[in-house]
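Written out below as structure tokens is the structure these notes cover.
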């Protein structure tokens, strides 16, 4: 029986079918097929696309799983999305492995640089950005992030030491804090210091830039969707407010560039700024280019860090995690602070498994490619799905993170040791690694993944070495709906409510939702 909403939409579609009906899709050659189109057959394509967009924004996980169940591994979502979603891990890997001459990420990256990060088309389409791409990728490899990790760690140690002072001065020798906010605030300062240097971090603190960053980040999903023309930004209140926050970011960044990048003599940010200046860009134009790294630094890892901490504290695996952390060498005899380096952080397989499991549970990445040439997506080598040039292919990694056949009967349950080698056979490990794409993949894989992973391990190590933390109660943001737990979800611990307005943008954010926690100095035997 046709639902009331679909009936109304069908009538509306008929009334405006002449203007809204999309053009016929190109027929594929030979024995190839076109991907199925989402939505009821009786609705025009644009109405189907609007339905898909609405459902994606209301319940991302169930919508994506329903796509896989009802349409198979590939489905076409028509206007206004007008994208082909790839929902199968093996086909996603084929997309990742296809040469950029056929499936290109570069146009997406360049467009985002303008529509979200404010660079002029001259800058985003110019040779300077082309020169920056390989420098950026090289500058964020494990071989070049020792100094950023060291700076990050120093800030976290100082923040934890300050928290311990508050605990010592309290009559109860305990403090109650919103733990997610504390982690995010600490990560903002530590990560900014790590990648941009202490001097720039001091400037952001004096300018109160975190609040401006949050204003910009709040409108990022609208910008990244590219559905609102830039000429209308000032007429859309969330975007207009976000643009004010972005301008404040530009102001601090530009002055820092104008002053010669004080406090930063090496590293990826330094190298990118130098390329921009060598191209003759103004300090503000360089600031627009660097703003992308500032956003990527703060929009994802802090939220994964808070989720990781809360999972471990409430999952029964805390003692085992602490055993690994306590086995690290100490900075000085009798001190609680371990030596935190890339080498020591890599020596904790259980912590690494916990990070992987949190990335699986708390990320959704939409890796987009522009189809430059007609493309055939095939799992068997015969036949296949025809995707014509001009379309966009989107790798939907979230589906693979939730499939029962890979993760067991309760894929929505967090199991910290899930990724330990002894917990998986070779075949299962291979299948899981193919489906685990929390950082994306191929040419669009997150280049900051090594730094982000080190940050997660570092803040977890320092906090658990020094503090005992007890989650007490959920603190909800009334603007963010609290999702009911699914029937198969065995997770019973406290976690902040997921912000549903950012599908496919990486780590789950929480709005103002939080968890109150009681914090004391760690008691050791």
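The values are calculated or read from the model by the stated rules, or taken from the named source; none is laboratory data. Please read all numbers here as calculations on a predicted model, not as lab measurements. Neighbour counts run over all protein chains shown; Cβ positions are idealised from the backbone, glycine included.
Determine, yes or no, whether residue 473 is over 23 Å from residue 54 (Cα atoms), surrounded by fewer than 16 Cβ atoms within 10 Å (Cβ to Cβ) and either touching a helix residue (DSSP H, G or I) at 6+ places or on another chain (Cβ under 7 Å) or modelled with pLDDT of 85 or more (or both). Yes; evaluated as a whole, the condition is true for this residue. Contact map, the range 17-35: first residue at positive phi and loosely packed, with under 14 Cβ neighbours inside 10 Å, second residue in a loop (DSSP other than H, G, I, E, B) and at pLDDT below 80, Cβ cut-off under 9 Å, separation 6 or more or different chains; pairs are 30/383.
Set side by side, the residues 461, 520 differ, and just one is farther than 30 Å from residue 394 by Cα, under 23 Å from the mean Cα position of the chain (by Cα) and at pLDDT 95 or above, which is 461. Residues that are surrounded by fewer than 21 Cβ atoms within 10 Å (Cβ to Cβ) and under 20 Å from residue 339 (Cα atoms): does the range 164-177 have at least one? The answer is yes, given that some residue of the range 164-177 is surrounded by fewer than 21 Cβ atoms within 10 Å (Cβ to Cβ) and under 20 Å from residue 339 (Cα atoms). Out of curiosity, is residue 63 outside any loop (DSSP other than H, G, I, E, B), without any contact (Cβ under 8 Å) to a residue 12 or more places away in the chain and touching a helix residue (DSSP H, G or I) at 6+ places or on another chain (Cβ under 9 Å)? For residue 63, the condition - outside any loop (DSSP other than H, G, I, E, B), without any contact (Cβ under 8 Å) to a residue 12 or more places away in the chain and touching a helix residue (DSSP H, G or I) at 6+ places or on another chain (Cβ under 9 Å) - is met. Residues that are over 13 Å from the mean Cα position of the chain (by Cα) and under 30 Å from residue 276 (Cα atoms) within the range 294-316 comprise just one, 294. State yes or no: is residue 179 under 22 Å from residue 512 (Cα atoms) and touching a helix residue (DSSP H, G or I) at 6+ places or on another chain (Cβ under 6 Å)? No; evaluated as a whole, the condition is false for this residue. Taken together, 39, 89, 72 contain a single residue that is at pLDDT below 95 and buried (at least 21 other Cβ atoms within 10 Å of the Cβ), which is 89.
Filtering 211, 181 for residues that are surrounded by 16 or more Cβ atoms within 10 Å (Cβ to Cβ) and farther than 29 Å from residue 343 by Cβ leaves a single hit, 181.
Could you look through the range 276-293, keep only residues that are farther than 20 Å from residue 450 by Cα and surrounded by 19 or more Cβ atoms within 10 Å (Cβ to Cβ), and pick out the one that is farthest from the chain's Cα centre (by Cα)? Result: 281.
Selection over the range 139-155 of residues that are surrounded by fewer than 20 Cβ atoms within 10 Å (Cβ to Cβ) and assigned to a helix (DSSP H, G or I) gives a count of 7.
Please tell me if residue 260 is more than 23 Å from the chain's Cα centre (by Cα), at pLDDT below 95, part of a loop (DSSP other than H, G, I, E, B) and surrounded by fewer than 18 Cβ atoms within 10 Å (Cβ to Cβ). Answer is no for this residue. Quick one: count up the residues across the range 116-138 that are assigned to a helix (DSSP H, G or I) and surrounded by 19 or more Cβ atoms within 10 Å (Cβ to Cβ). Adding up the residues that qualify gives 6. Considering every residue within the range 359-373, establish whether at least one is farther than 27 Å from residue 447 by Cβ and part of a loop (DSSP other than H, G, I, E, B). For the range 359-373, residues farther than 27 Å from residue 447 by Cβ and part of a loop (DSSP other than H, G, I, E, B): absent. Just one of (1) at pLDDT below 85; (2) surrounded by fewer than 20 Cβ atoms within 10 Å (Cβ to Cβ) fails for residue 436. It is (2).
Of all the criteria given as (1) within 27 Å of the chain's Cα centre (by Cα); (2) more than 21 Å from residue 447 (Cα to Cα); (3) surrounded by fewer than 18 Cβ atoms within 10 Å (Cβ to Cβ), the one not satisfied by residue 270 is (2).
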